[in-house]
1. Among the helices (runs of 4 or more DSSP H) confined wholly to region B:18-132, which include 1 or more residues that are among the aliphatic types (A, V, I, L, M) and in contact (Cβ under 8 Å) with a residue 40 or more places away in the chain?
2. Taking region A:1-34, which residues are of a type outside the set (G, A, S) and surrounded by fewer than 17 Cβ atoms within 10 Å (Cβ to Cβ)?
3. What number of residues within region A:84-103 are closer than 12 Å to B:Y9 by Cα and aliphatic (A, V, I, L, M)?
4. Given A:K131, A:K118, A:K44, A:K51, which one is modelled with pLDDT of 95 or more and facing another protein chain (nearest Cβ under 10 Å)?
5. Has region B:95-112 got at least one residue that is within 16 Å of ligand 1 (Cβ to nearest atom) and either crowded, with 16+ Cβ neighbours inside 10 Å or closer than 20 Å to B:T4 by Cα (or both)?
Protein chains: 2
Amino acid sequence: MRFTKATNYALHTMLMLVDASPVKPVGVQQLAESQGVSPTYLSKILTRLVKAGMIESISGANGGYRLSRKRDDITFLDIIHAIEGTASLFECNFVHGDECLIQAVMKEAEEKMESHLKNTKLADLAQRETKV
Amino acid sequence: MRFTKATNYALHTMLMLVDASPVKPVGVQQLAESQGVSPTYLSKILTRLVKAGMIESISGANGGYRLSRKRDDITFLDIIHAIEGTASLFECNFVHGDECLIQAVMKEAEEKMESHLKNTKLADLAQRETKV
DNA sequence: CATTTAAAGACTTATTGTATCCATAATATC
DNA sequence: GATATTATGGATACAATAAGTCTTTAAATG
Ligand code: SF4
Ligand code: SF4
């Protein structure tokens, strides 16, 4: 039970894009190099963010990635959900009705975490962390 | 990023033990059968709970497992930590000092979840859920 | 058209989760 | 003390997921 490295890469990349120009896209090569990850792999990750509608990609020369939404709209939870999926952290094969207390407790706990991630917008940290 | 099945088994087993006699131990065979898991595997999981000091095991005929602590002392977080470990959910290879905001946000989110799991004691659900 | 750059899919490798098997140790009961 | 019962530990096997590579295709630039 850990966040994947892909989530780590996605968060760092998004932070860079928030700090970058909203017009001129940043190439995946540059984004990958600063994180020590291969460009092709990072590209695969970023494609999921594109499909989630958070960033947009521009093919061709001088292409790359840039934000598609207002930076204030993007929360940590958005990014994490785009990468890790939205499935519940605690899954149980059986379904013993709504009265299941174990699931209730676990769900509540998860919601506490998600609530915090939802209330923290990417813009909150922008321009304060330029390295890596 | 999901809780493991082992955590699921551990939670259900603990709930049974809370409802069971605090003196007479319950055999792993019985505990395993009601959850549809093999006794040997469940035993391996329960050994971790023993080492965490939450339950104690009695070898020999009529042996098994029973609570070692007061039931009111045992929280969801205790069980989860015993199984999943206590490592942070968001790990980063680098260490860019305390000013790292990404880690700060992720850590806070995790703490929100843990706080809820810590405040929910096993005894809160006891004797209300006897099936499975 | 030639070059640059992202997208997509097939594929490989590494890591972790899930589970079984067996030998050993501990305990209760007779 | 002998025997049956029960948990423990190690080795091992299998499955699922994470992590990463490679190659080809598509789009944009100039
Ligand atoms: S009691 Fe709840 S968590 Fe447990 S098996 Fe039933 S539905 Fe699942
Ligand atoms: S900025 Fe924070 S999360 Fe990112 S690499 Fe540095 S320490 Fe890790």
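The values are calculated or read from the model by the stated rules, or taken from the named source; none is laboratory data. Note that the structure is predicted; figures quoted are calculated from it, not measured. Cβ sites come from the backbone with ideal geometry, for glycine too, and all protein chains shown count toward neighbours.
1. Working: elements: B:28-33, B:39-51, B:76-84, B:101-119.
Because the criterion is at least 1 residues that are among the aliphatic types (A, V, I, L, M) and in contact (Cβ under 8 Å) with a residue 40 or more places away in the chain, the helices (runs of 4 or more DSSP H) in region B:18-132 that meet it are B:76-84, B:101-119.
2. Filtering region A:1-34 for residues of a type outside the set (G, A, S) gives A:1-5, A:7-9, A:11-19, A:22-26, A:28-31, A:33.
Once the filter is applied, which keeps residues that are of a type outside the set (G, A, S) and surrounded by fewer than 17 Cβ atoms within 10 Å (Cβ to Cβ), region A:1-34 yields A:M1, A:R2, A:T4, A:K5, A:D19, A:P22, A:V23, A:K24, A:Q29, A:Q30, A:E33.
3. Residues flagged as closer than 12 Å to B:Y9 by Cα and aliphatic (A, V, I, L, M) within region A:84-103 amount to 1.
4. On the way: A:K131 fails: modelled with pLDDT of 95 or more; A:K44 fails: facing another protein chain (nearest Cβ under 10 Å); A:K51 fails: facing another protein chain (nearest Cβ under 10 Å).
Step by step, each of A:K131, A:K118, A:K44, A:K51 is checked, and only A:K118 is modelled with pLDDT of 95 or more and facing another protein chain (nearest Cβ under 10 Å).
5. Taking every residue of region B:95-112 in turn, none turns out to be within 16 Å of ligand 1 (Cβ to nearest atom) and either crowded, with 16+ Cβ neighbours inside 10 Å or closer than 20 Å to B:T4 by Cα (or both).
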